[in-house]
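Let me begin by presenting the structure, written as structure tokens, before commenting on it.
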């Protein structure tokens, strides 16, 4: 599925830095190492040992002093011979060093090509491949921890256990098929019980997708409300920073202001919007239209209501996507208990004071829990739509097989659905996949990974 040539790329971010790394993978890695990195003794290169020496170009001209390590196959990230050259992180130095490597027979690596070779050589499965890019892009410590857990193979192990149990089920079915004329006893009850266990485990891990996706992609929250309800003050309070202008003049916020935050490990983008009202001012009206657009595209709507003023009708939102913040509870409350109870019937309600920072932790928790369940320590999380969709298909196949076993359908027919479930689980790890799927996954990678 790939040419066994030698690839090279700059593996560190662009721009000046203390250290820059050139990565080379393929059969020419060691010959290139001997040409571009000069040691005091350039005889045998010990694998996985870091050497100090001079970095030169293809003609032998000095570029820099640095370090180099040669990792011989199969004990390398890609499963091929890999060379890493560590030099000073000047863009000019890195370009010169890479040019020297390319002149000696390597070609520029495509985005994600190092990791793709690791997958094709059996060093990583597809869930671990996806974890690599998640780890690079992680925005919170919890996002990084989730990606690291997946990279270590915990999701792969969970799915491997499911596959092993389904293989056992299929083996029993095959025995019934092959020895149908012999008195070997019926395993229908055992088959049904095993399929039930697998079904429950798949349902459990499918339940992790919402939070796994949140940690991977983040949560978009649109802050809406009437003018002077305290939307901008609440934004500043949630950010612990004065990012939005706050004045007593209605209509101060006229455009959408987006800021990033960390809510208990979940990366969040908060959008402060213009106050909702009917106005003749065309500029403010455009801002209000953008507020409604932000609400439609958000994962959660945070509606801010002024508890010190008499209740006013709240615009209709999808009930499962709205959290109401009763703001200014430091002032006398003008909301009767029945109005608060009626509000709570529509969705979660938090009593907060943006001025005195009261109730903010509860508000953060409600915003996250509206879209995801708390994590389960013993179950790894699904993080991509691809993983979720494949396991949803596996679940349907397991359900059909269990129903057929209950009805004592012929084992040949049950085995078809069991095999389909095996294939769908295999699609998650890449045991069963297509070139189109691989291209879509590796298109998200940067050059050098």
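A short reminder: the numbers here are calculations on the coordinates, not readings from a lab. Values in this document were obtained by computation on a predicted structure and should not be read as measured data. All Cβ positions, glycine included, derive from the backbone under ideal geometry; neighbour counts span all protein chains shown.
Just the residues that are without any contact (Cβ under 8 Å) to a residue 12 or more places away in the chain and under 14 Å from residue 101 (Cα atoms), please, taken from region 34-58.
Passing the criteria: only 34.
Take residue 20 and decide whether it is on the phi > 0 side of the Ramachandran plot and surrounded by 15 or more Cβ atoms within 10 Å (Cβ to Cβ). Quick ask: steps written out before the conclusion?
Working: on the phi > 0 side of the Ramachandran plot: no; surrounded by 15 or more Cβ atoms within 10 Å (Cβ to Cβ): yes.
Answer is no for this residue.
Considering only region 318-334, how many residues are crowded, with 20+ Cβ neighbours inside 10 Å and in a loop (DSSP other than H, G, I, E, B)?
Looking only at that region, the number is 2.
When region 348-384 is examined, which residues are found to be touching a residue at least 60 places away in the same chain (Cβ under 8 Å) and either under 30 Å from residue 416 (Cα atoms) or assigned to a helix (DSSP H, G or I) (or both)?
Within region 348-384, 360, 363, 364, 365, 367, 368, 379, 380, 381, 382, 383, 384 meet the criteria.
Can you tell me which residue within region 287-317, out of those that are closer than 22 Å to residue 361 by Cα and more than 28 Å from the chain's Cα centre (by Cα), is surrounded by the most Cβ atoms within 10 Å (Cβ to Cβ)?
304
Of all residues in region 113-122, which are touching a helix residue (DSSP H, G or I) at 6+ places or on another chain (Cβ under 8 Å) and over 16 Å from residue 432 (Cα atoms)?
113, 115, 118
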